[in-house]
């Protein structure tokens, strides 16, 4: 079957455009595909290994590593996968045997997805603040308008999901407003900022 990564493309469903920064291309739909790819990988202590080199002791089945989520004849090339994977490693002395937890696996998938499909500058240098933000890639917090939705701000602007479909989310409506209209929605803006701060406090 087609590997999940190759179901991603640059339509508005999977890549938001136009945007003003590298991380703002994320959509909820692409997030869920990254999550499915993570689920396809075999984990050890919640970490995903990159290379195709470990065998299960009992049945000799090869571990479904991150590296195996990509086709050898397709983009990104194996060396590109390895390079992007290594960006979030503190210790790059043994990339072949390295591992990442879920947030960094998903961040790696995002970078590969964006850089494979768009003409963008590569995110070669990830500063400490951004690295801390990416640790929350898989974290969601409750909406402070009490609608039941959840928010994630790894894309800088905010993604929301779930909730009671019978109840509107006050904060989601802010994204449909012109900037000058936000002056009249001070309470919603404060709640959105409170939701963002709640997310930023997650460890």
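Quick note: the coordinates plus some simple rules give every number you see, no bench work behind them. Worth saying up front: this structure is predicted, and the values here are computed from it rather than measured. Reconstructed Cβ throughout: ideal geometry from the backbone, glycine too, with neighbour counts over all protein chains shown.
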Taking all pairs of distinct alpha-carbon atoms in the chain, Kirkwood radius in angstrom: 18.4 Å
Theoretical gain in end-to-end length, residue 32 to residue 118 [0.36 nm per residue, Cα-Cα removed]: 29.0 nm
Packing-based ranking, highest mean first, of 123-134, 36-47 given that Cβ atoms within 10 Å are counted: 36-47, 123-134
Principal-axis tilt of helix 28-40 within the chain, Cα atoms, nearest 10 degrees: 30 degrees
Estimated [θ] at 222 nm from DSSP helical runs (n ≥ 4, -39500 (n - 2.57)) normalised by residues in the chain, nearest 500: -9000 deg cm²/dmol
Mean Cβ neighbour count within 10 Å, used as a protection proxy, ranking 188-201, 9-22, 104-117 highest first: 104-117, 188-201, 9-22
